[in-house]
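Structure first, then comments.
What follows draws every value from the coordinates through simple rules; no lab data is involved. Quantities reported herein were computed from a predicted structural model and do not represent experimental measurements. Using ideal geometry, Cβ is built from the backbone for each residue, glycine included, and neighbour counts are taken over all protein chains shown.
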Amino acid sequence: MTGLDAVLLVAFGAAALTDWFAVGTSRRGLEVVAKPATTAVIVALAATTGELAGDTRAALVIGAVLGLIGDVALLRDDEASFMAGLGAFALGHLAYVVAAVLIGVDTGAAALAVPFLAVLLGFRFLTRTVPGAKQHGGSVLAGAVVFYACVISAMIVTAYGVRSWVAALGASLFAVSDWILGHERFVAPVRHGRVAVHVAYFVGQLLLVLGLAHA
C-alpha cells in the first residue's frame with residue numbers, strides 16, 4: 001500500500017463514518033454532502049491504486065464514476081431519479097465486469113458465486129421484490145429491476161472469478177446493499193435498513209475496487 005492509498009483510505013473512513021452518522025440520525029443535509037464525498041474518494045482510489053493496464057484502469061474508474069452519478073441521483077426519492085440511479089449503477093456494474101474480464105476470470109472461481117446468488121435471488125427477491133416493483137410501477141419497472149439483477153449477478157460472478165477474496169466480498173456486500181434497498185422500496189421496511197444499505201454499499205464498493213485493482 002502506497003502513501004497515497006493510506007491517505008485516501010483515511011479520507012474514505014472519515015467520509016463514510018460521517019455519512020453513516022448522518023443517515024442514522026436523519027441529518028439529511030449532512031448526508032447530501034457526505035454520501036457523494038465518500039464515493040468520490042472511491043473514484044480517486046480507482047484511478048490510482050494498484051498497477052493496472054490502461055484499459056483496465058479506465059473500466060475501473062468508469063465503474064466508480066457511474067456509482068457516484070447513481071449516488072447523486074438517489075439523493076432524490078422520486079421515480080425518475082430512482083430509474084436514473086438504477087441505470088447509472090447498471091452501467092457501473094457492466095464497467096466492473098469489463099475490468100474483471102480484462103484482468104482475467106477463472107471459471108472455477110467464478111462458479112463459487114452461484115450459491116451466494118441462489119440465496120440472494122431466491123430469498124424474497126423473485127417472490128416479493130419483483131412483484132412489488134410491478135405493483136409499484138408496472139411491467140417496465142419490474143423489467144428494469146430484473147435486468148439490474150442480471151447485471152449485478154454478472155458483476156458478482158466475474159468478481160469471484162478474478163480469484164481475489166477482497167473483490168468477491170466487495171461484490172457480495174454491494175449486492176446485499178441493493179437487495180435491502182429493493183426490499184425497502186418495494187416490499188417493506190427493514191430494521192435499520194438505510195444505515196445497512198449505506199454501510200454495505202460503501203464497504204462493498206471500496207473492497208470491490210481494491211480487490212480488482214490488486215488482483
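Annotations
- Values (1) 34; (2) 15; (3) 19 are given for comparison; percent of Cα pairs over 31 Å apart, derived from the coordinates here, is the one labelled (2).
- Ranked by how many other Cβ atoms sit within 10 Å of their own Cβ, fewest first, the residues THR107, THR25, THR18, THR49 fall in the order THR107, THR25, THR18, THR49.
- Panel order for TYR201, TYR96, by other beta carbons found within 10 Å of each beta carbon, from fewest to most: TYR201, TYR96.
- Net +/- balance of residues flanking PHE82 in space, Cβ distance below 9 Å, scoring K and R +1, D and E -1: -1
- Spin-label model, ARG191/THR48: points 7 Å from Cα along the beta carbon direction are separated by 4.1 nm.
- Cα gyration tensor shape of region 90-215, rounded if a/c is under 1.5, else prolate or oblate by comparing a/b with b/c: prolate
- Among LEU126, LEU169, LEU60: highest mean-square fluctuation, GNM of the chain, C-alpha pairs under 10 Å: LEU126
- Region 118-152: trypsin sites (Lys or Arg not before Pro) falling in loop per DSSP and having at most 12 other Cβ within 10 Å: none
- Once the Cβ-Cβ distance of VAL33 and ARG124 is raised to the sixth power relative to R0 = 35 Å, the FRET efficiency obtained is 0.60.
- Within a Gaussian network of the chain (alpha carbon springs, distance under 10 Å), most fluctuating of ALA73, ALA167, ALA99: ALA73
- Mean Kyte hydropathy of -0.5 or more with a Cα span along the axis of at least 24 Å, helices from DSSP in the chain: 3-24, 28-48, 54-73, 79-103, 130-161, 165-186, 193-213
- Value of [θ]222 nm, deg cm²/dmol, for the chain, DSSP H segments ≥ 4, -39500 (n - 2.57) each, nearest 500: -28500 deg cm²/dmol
- Simple point charges give the picture: +1 on the Cβ of Lys and Arg, -1 on the Cβ of Asp and Glu, and for region 97-215 a dipole about the Cα centre of about 320 debye.
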